[in-house]
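The values are calculated or read from the model by the stated rules, or taken from the named source; none is laboratory data. For clarity, every value in this text was computed on a predicted model and none was experimentally measured. With ideal geometry, Cβ positions are generated from the backbone for all residues, glycine too; neighbour counts draw on all protein chains shown.
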Amino acid sequence: MNSQTRSAPSLTADDCQICGACCNYSCEWPRFSLEDPATLAQIPAVYIDDENGRMRCDGNRCTALDGDIGVKTTCTIYEARPYVCRDCLPGDEACMIARQHHGL
């Protein structure tokens with residue numbers, strides 16, 4: 001590896017509870033894709049943007065995210081979160097894009 005190349009840090013699910021960057025990167029990310037009506041029914045309506053088929057966001061921040069980015073965060077609907085949220089894994093490309101955006 002040359003001095004210009006940096007490898008992605010090893011991140012774990014515990015890092016997600018500090019970070020939260022993926023939940024505050026783009027209102028376009030938390031879109032529903034494979035969720036069936038029963039799955040969507042588990043998400044409280046206050047967090048759903050029906051018109052756009054995604055999680056409701058305040059700016060780029062998902063309204064289900066609680067806490068401060070890079071300090072301590074939690075998903076208030078973690079067990080019912082959409083597939084797009086489940087698919088964003090610690091240290092994957094989407095994670096690293098969001099972290100870089102927030103300087104993490």
Looking at Pro82, is it in contact (Cβ under 8 Å) with a residue 12 or more places away in the chain and in contact with a Lys or Arg (Cβ under 9 Å, 6 or more places away or on another chain)?
yes
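Please go through the range 32-48 and pick out each residue that is surrounded by 16 or more Cβ atoms within 10 Å (Cβ to Cβ) and either at pLDDT below 90 or not in a helix (DSSP H, G or I) (or both). Spell out the reasoning first.
First, the residues of the range 32-48 that are surrounded by 16 or more Cβ atoms within 10 Å (Cβ to Cβ): 32, 35, 43, 47-48.
Passing the criteria: Phe32, Glu35, Ile43, Ile48.
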Within the set of pairs 6 or more residues apart or between chains, which connect a residue that is within 15 Å of Cys27 (Cα to Cα) inside the range 41-60 to a residue that is surrounded by 13 or more Cβ atoms within 10 Å (Cβ to Cβ) and of a type in the set (Asp, Glu) with Cβ atoms less than 9 Å apart?
Met55/Asp49; Arg56/Asp49; Cys57/Asp49
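Out of the residues in the range 61-75 that are assigned to a loop (DSSP other than H, G, I, E, B) and either over 12 Å from the mean Cα position of the chain (by Cα) or in contact (Cβ under 8 Å) with a residue 40 or more places away in the chain (or both), which is nearest to Glu28 (Cα to Cα)?
As a first pass, look at the range 61-75 and keep what is assigned to a loop (DSSP other than H, G, I, E, B): 63-64, 69-71.
From what is left, the residues that are either over 12 Å from the mean Cα position of the chain (by Cα) or in contact (Cβ under 8 Å) with a residue 40 or more places away in the chain (or both) are 64, 69-71.
Values: Ala64: 15, Ile69: 18, Gly70: 21, Val71: 23 Å.
Ranking the qualifying residues of the range 61-75, first place goes to Ala64.
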Counted residues, the range 15-31 - those being outside any loop (DSSP other than H, G, I, E, B) and farther than 14 Å from Asp87 by Cα
3
Hits in the range 76-104 - residues which are in contact with a Ser or Thr (Cβ under 9 Å, 6 or more places away or on another chain), assigned to a helix (DSSP H, G or I) and of a type in the set (Ser, Thr, Tyr)
Tyr83
